[in-house]
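In what follows, a structure is listed as structure tokens, so that the remarks can point back to it.
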Amino acid sequence: MSGKKNRFVEASWQIAAKWAVALFLVSGGAAGLLAQSSAIAVRPERQAAAMQSRFYCNTKALNPTERARHKQLSEKLGAQRKEIVETEKGYEFKFSPADISLAQLAEWVAAESKCCPFFDFHIDLEREGKLLCLRLTGEEGIKAFIRAEFRVR
């Protein structure tokens, strides 16, 4: 009889633990933890807004070497963008292939897609190879996230 009682108590604890996890997730507790570990540095003035966003970056997606390379490419892309065009579903960043290579842009997209899988990425090589474009789109609300994180004015 005690064996059945022990199994019953153990099963009860497992059920209680599952409910506790479910309540934690529903209450937004996990979202807060994810926002706190964001791979994108959130400035203090935007921290509250970022905590309420449904777009979270996975800081564990890139190892330290990959993260350093991604940061280097991000800085280069930010410095070399020639134009930013708002689209219906996001933004398009335009570059000169003389400044940013197609390979560098593809490398940045591959890394960014690991840590921020909520983006839809579109790379275009236009005007007979004289214009390189990166379009970022996604679910509703993504434009505000892009504006904040990529310093779009």
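The values are calculated or read from the model by the stated rules, or taken from the named source; none is laboratory data. Every value quoted in this text rests on a predicted model; they were computed, and no experiment measured them. All Cβ positions, even for glycine, are placed from backbone atoms using ideal geometry, and neighbour counts span all protein chains on display.
Structure summary
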{"item": "Subset of segment 103-134 [in contact with a strand residue (DSSP E or B) (Cβ under 7 Å, 6 or more places away or on another chain) and within 17 Å of H70 (Cβ to Cβ)]", "result": "L105, A106, V109, S113, F119, F121, I123, L134"}
{"item": "Single condition G129 does not satisfy, out of (1) more than 16 Å from the chain's Cα centre (by Cα); (2) closer than 30 Å to N63 by Cβ; (3) modelled with pLDDT under 95", "result": "(2)"}
{"item": "Selected residue (criterion: surrounded by the most Cβ atoms within 10 Å (Cβ to Cβ)) from residues of segment 99-126 that are in a loop (DSSP other than H, G, I, E, B) and touching a Lys or Arg at 6+ places or on another chain (Cβ under 9 Å)", "result": "I100"}
{"item": "Selection from segment 75-85 of residues that are within 21 Å of K130 (Cα to Cα), in a helix (DSSP H, G or I) and without any contact (Cβ under 8 Å) to a residue 60 or more places away in the chain", "result": "K76, L77, A79, Q80"}
{"item": "Top-ranked residue in segment 87-98 [being assigned to a strand (DSSP E or B) and under 19 Å from the mean Cα position of the chain (by Cα); ranked as nearest to E66 (Cα to Cα)]", "result": "F93"}
{"item": "Failed condition for T59, given (1) more than 19 Å from D120 (Cα to Cα); (2) touching a Ser or Thr at 6+ places or on another chain (Cβ under 6 Å)", "result": "(1)"}
{"item": "The listed residue being in a loop (DSSP other than H, G, I, E, B) and closer than 26 Å to R54 by Cβ, out of R67, R135, R147, R151", "result": "R151"}
{"item": "Complete set of residues in segment 73-95 that are surrounded by fewer than 14 Cβ atoms within 10 Å (Cβ to Cβ) and either under 13 Å from F150 (Cα atoms) or in contact with a strand residue (DSSP E or B) (Cβ under 7 Å, 6 or more places away or on another chain) (or both)", "result": "E75, G78, A79, K82, E83, V85, E86, T87"}
{"item": "Residues within segment 85-107 that are more than 14 Å from F119 (Cβ to Cβ) and not small (G, A, S), tallied", "result": "11"}
{"item": "Members of segment 127-153 that are among the aliphatic types (A, V, I, L, M) and either exposed (fewer than 14 other Cβ atoms within 10 Å of the Cβ) or without any contact (Cβ under 8 Å) to a residue 24 or more places away in the chain (or both)", "result": "A144"}
